[in-house]
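> Here it is, the structure in full.
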Amino acid sequence: MRAFWKLTLTQAKLYLREPIAAFFTIVYAPMMLVLFGTIYGNEPTPMFGGRGTVDVSVPAYIGLIILSVGLMGLPIATATSREKGVLRRYRATPLRPATYLAADVLVYFCMTLLGVLLLILVGKIGYRVRFDGDVLSLLASFSLGALSFFAFGFLIASLSPTARIAQTVGMVIAFPMMFVSGATVPLEVLPEGVRHAARFIPLTHVVTLLRGVWVGEVWGEHLTEVIVLLGVLVVGVIVSAKTFRWE
Amino acid sequence: MIPSIEVLNLRKSYGTTVAVDDVSFQVQEGEIFGMVGPNGAGKTTTIECVEGLRQPDAGTIQVLGLDPQRDSYELRERIGVQLQESALPDRIKVWEAMDLFASFYRRGLDWRPLLDQLGLSEKHSAPFAKLSGGQKQRLFIALALLNDPDLVFLDELTSGLDPQARRAMWDLVRGIRQQGKTVFLTTHYMEEAEQLCDRVAIIDRGQIVTLDTPENLIHSLGAENRVVFCVDGRFDKKSLQAFPSVTRVEQVGERVIVYGQSDGLVSSVVNALEAGSVRFRDLRTEGPTLEDVFLALTGQEMRD
């Protein structure tokens, strides 16, 4: 257990020392919120069912943070550690792979959560964002979305032979997701065909679930989303457990 | 006494390339055992099979009475490993790395004195990426000693270091042995093996060519010693050829090389030169080295 906590603490410190990772996890989404909040304000509009742009953006941007940590930060960092021989060095000690992975996931989870809390704080203070759900459902939805995307990220890292490939694959998958899932551009303003295609993108389900829970809907109304995300989680964990390499 | 390491008929291939081909040897407790050979000879594959990081295709390995594959975690508690290719995160500080790795072991030592011993105290808060090559290697040694191991593995410890850093590293390795630990190292520097090792296995193309103490290896070669000097003015080769200890004399310009058996060679040469009133300077002797042994046994220069 001592190894687990030391590793968690050390990895957390290292995470915050990496400027790009720290930016995309903690600063990027609140910055976007301020940018678009300034442009559009938070006046209620009929398009969003009587809510404002910021009210809709905060849960959607939670998906954005999950995406950038899960599909960009995590696979790049994991593949880089492997390529440079950092994981090899750990492997020559009694440290168990499960301990390493558990500490890693916990750090990614906490960092993502930190970004989310900051985003919500900026929304509350800057725009009096309206939240009609309950905190536990929101936390549960966030956890499901985050963990399934981490599993997806580990899968990319495990299947990519080099860090460069992991980076490319992560980007290629993440960028279209960012714009077609409702994470940045609300699904309401996208054409019918795109909205239809968006159903096949995992991030859409994260955003839809979070937006629903944010306005007080219950999990029962979002079974599709929950099932899809559980599927991603299970497949990601199984495949990356089978293909994960220390070197 | 049970040997620290016992390897029997080890074999390992990568695809169609045979990296290690029927290698057997033992390492005794308390010795510095070296495996020497050119790059690609199979040293790293051998040491990593012994460490339990690679799975052999065939053969048996016992390390401290354990099976490196079956008892891998138990073994890792008791050995210290410096890998040929590994790294730490760029931004981890020296003390953080020590503190972290100490937590991985049941018997994690207090790492502060270890940093002192390895001359890293001043670099206590420096990030890994800012360390020099020698400092990184010293940190890796420190990490390998954190669990007070019985057996330490050093794979190409001094590759890429300048001669001064290399010599400093040799002192550290001798220090490790003085603490009663067994050391298994690999190197492609013959001089390093000669300086450090109690016993040396010369490995080439996946096979052990010979295994003995450096002195015995050099002696077994029966190679000649050389006395080299420069003469001013006239010099007659015949004046030296008469001595029984001299086998032949070569002269190129003012430089003279006298070959012969080690006993009495230097005194014969100096006496003869004095007696003949030959003016000479820069006289030195050269003995055969492990480099010569390697050349004689494999018929090739060390490929660097």
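The values are calculated or read from the model by the stated rules, or taken from the named source; none is laboratory data. The model shown is predicted, which means the values in this text are computed figures rather than measured ones. Note: ideal-geometry Cβ built from the backbone for every residue, glycine included; neighbour counts use all protein chains shown.
> Does the stretch A:86-105 include one or more residues that are under 30 Å from A:Glu217 (Cα atoms), surrounded by fewer than 24 Cβ atoms within 10 Å (Cβ to Cβ) and of a type in the set (Val, Ile, Thr)?
Yes, the stretch A:86-105 contains a residue that is under 30 Å from A:Glu217 (Cα atoms), surrounded by fewer than 24 Cβ atoms within 10 Å (Cβ to Cβ) and of a type in the set (Val, Ile, Thr).
> Condition check: touching a strand residue (DSSP E or B) at 6+ places or on another chain (Cβ under 6 Å) and under 30 Å from B:Leu145 (Cβ atoms). Does A:Ala102 satisfy that?
No: the conditions fail for A:Ala102.
> I'm told A:Ala163 meets every condition in (1) under 13 Å from the mean Cα position of the chain (by Cα); (2) within 14 Å of chain B (Cβ to nearest Cβ) except one. Can you identify the failing condition by its number?
Condition not satisfied by A:Ala163: (1).
> Examine the stretch A:40-56 for a residue that is assigned to a helix (DSSP H, G or I), crowded, with 18+ Cβ neighbours inside 10 Å and touching a strand residue (DSSP E or B) at 6+ places or on another chain (Cβ under 8 Å), and state whether such a residue exists.
yes
> Return the total of residues in the stretch A:1-35 being part of a helix (DSSP H, G or I) and either over 30 Å from A:Val54 (Cα atoms) or within 14 Å of another protein chain (Cβ to nearest Cβ) (or both).
20
> Which residue out of B:Arg91, B:Arg76 is of a type in the set (Lys, Arg), closer than 30 Å to B:Tyr14 by Cα and in contact (Cβ under 8 Å) with a residue 12 or more places away in the chain?
B:Arg76
> Within the stretch A:74-85, can you find the residues that are within 11 Å of another protein chain (Cβ to nearest Cβ) and either within 19 Å of A:Phe150 (Cβ to Cβ) or touching a Gly at 6+ places or on another chain (Cβ under 8 Å) (or both)?
Passing the criteria: A:Ala77, A:Thr80, A:Ser81, A:Arg82.
> Now for a separate question. State whether the residues of the stretch B:62-75 include one that is in contact with a Cys (Cβ under 8 Å, 6 or more places away or on another chain), within 14 Å of another protein chain (Cβ to nearest Cβ) and farther than 23 Å from A:Phe4 by Cα.
yes
> Another one. Report the residue count in the stretch B:62-86 for those that are within 22 Å of the chain's Cα centre (by Cα) and over 16 Å from B:Ser4 (Cα atoms).
Total meeting the criteria: 5.
> Does B:Asp110 count as more than 9 Å from every other protein chain (Cβ to nearest Cβ), of a type outside the set (Lys, Arg) and farther than 22 Å from B:Ala168 by Cβ?
Against the criterion (more than 9 Å from every other protein chain (Cβ to nearest Cβ), of a type outside the set (Lys, Arg) and farther than 22 Å from B:Ala168 by Cβ), B:Asp110 qualifies.
> While we're on this one: Any idea which of A:Ala157, A:Ala163 is in contact (Cβ under 8 Å) with a residue 40 or more places away in the chain and in contact with an Asp or Glu (Cβ under 6 Å, 6 or more places away or on another chain)?
A:Ala163
> What's the total number of residues in the stretch A:88-98 that are in contact (Cβ under 8 Å) with a residue 40 or more places away in the chain and more than 9 Å from chain B (Cβ to nearest Cβ)?
Residues that pass the stated criteria total 1.
> Moving on. Those residues that are among the aliphatic types (A, V, I, L, M) and either assigned to a helix (DSSP H, G or I) or farther than 12 Å from B:Phe235 by Cβ (or both), I need them from the stretch B:265-285; list them, please.
Result: B:Leu265, B:Val266, B:Val269, B:Val270, B:Ala272, B:Leu273, B:Ala275, B:Leu283.
> Which of (1) at pLDDT 95 or above; (2) more than 26 Å from B:Ala165 (Cα to Cα); (3) more than 9 Å from every other protein chain (Cβ to nearest Cβ) does B:Leu100 not meet, given it meets every other one?
(3)
> When the stretch A:164-223 is examined, which residues are found to be small (Gly, Ala, Ser), surrounded by 13 or more Cβ atoms within 10 Å (Cβ to Cβ) and part of a loop (DSSP other than H, G, I, E, B)?
Those that are small (Gly, Ala, Ser), surrounded by 13 or more Cβ atoms within 10 Å (Cβ to Cβ) and part of a loop (DSSP other than H, G, I, E, B): A:Ser181, A:Gly182, A:Ala183.
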